[in-house]
Amino acid sequence: MALDRAARPSFESIFMGLAFSLARRSTCARLQVGCVIASTDWRKVFGLGYNGGAAGQENACESTEPGQCGHLHAELNAIINCDAPHGTKKILLCTHLPCPMCCKCIVNLRHTERVYFVHGYRATEGAITLQRAGIELVQLKDDWTP
């Protein structure tokens with residue numbers, strides 16, 4: 001029996017699906033975001049995150065104004081939780097284009113080769129930060145999402 005390779009999901013699709021599943025844990029009233037930090041060979045997950053309050057703290061938004069809800073961003077939570085060995089190359093998969101500040105944090109994470117995202121974000125300046133750091137930014141089509 002021949003294997004139908006066209007029916008096999010890509011690793012990008014699988015890991016981005018995990019990011020979207022994580023986003024469902026978000027307690028933000030406005031935007032639910034998920035993030036996965038993985039190895040470049042797709043064999044390991046180094047960190048996971050979604051946007052929400054600090055651990056053990058209030059999860060309700062402090063404000064409905066964009067950028068003022070008070071939640072930690074998914075990318076920052078994934079970076080805080082990242083346990084990649086020093087010097088390990090990494091990729092990030094985010095449901096949304098990271099904000100400018102998260103892009104700076106991604107640069108400081110070091111050894112990040114690529115950032116995948118599906119949905120745009122209102123502030124796009126972070127893309128320039130990633131580009132200047134030599135980090136490839138790839139937008140995936142959203143027609144595969146679960």
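For the reader, a short list of remarks on this structure follows.
- Counting only the Cα atoms, region 23-146 fills a convex hull of 108 Å³ per residue.
- Loop-located trypsin sites (Lys or Arg not before Pro) in region 39-113 (DSSP state other than H, G, I, E, B) with a sparse environment of at most 16 neighbouring Cβ atoms within 10 Å: Arg43, Lys44, Lys89, Arg110.
- Pairwise label distance in nanometres, Gln57 with Ile128, each label 7 Å out on the Cα-Cβ vector: 3.0 nm
- When shorter helices are ignored and each DSSP H run of at least 4 residues is given -39500 (n - 2.57), the per-residue value for the chain at 222 nm works out to -7500 deg cm²/dmol.
- Kirkwood analysis of region 53-104, using all unique Cα-Cα pairs, places the hydrodynamic radius at 12.9 Å.
- Once each of the GluC sites (Glu not before Pro) sitting in a DSSP loop with at most 13 other beta-carbon atoms within 10 Å is removed, the chain keeps 63-124 as its longest stretch.
- Under 5 Å, built H, 5+ apart or other chain: amide partners of Val115: Leu92, Glu136, Leu137, Val138
- If you wrap the tightest convex hull around every Cα atom of region 91-146 and split its volume per residue, you get 70 Å³.
Every number in this text was worked out from the coordinates using simple rules, so none of it is lab data. Computed from a predicted structure; not experimentally measured. When we count neighbours, we look across all protein chains shown, and the Cβ atoms used for this are built from the backbone with ideal geometry, even at glycine.
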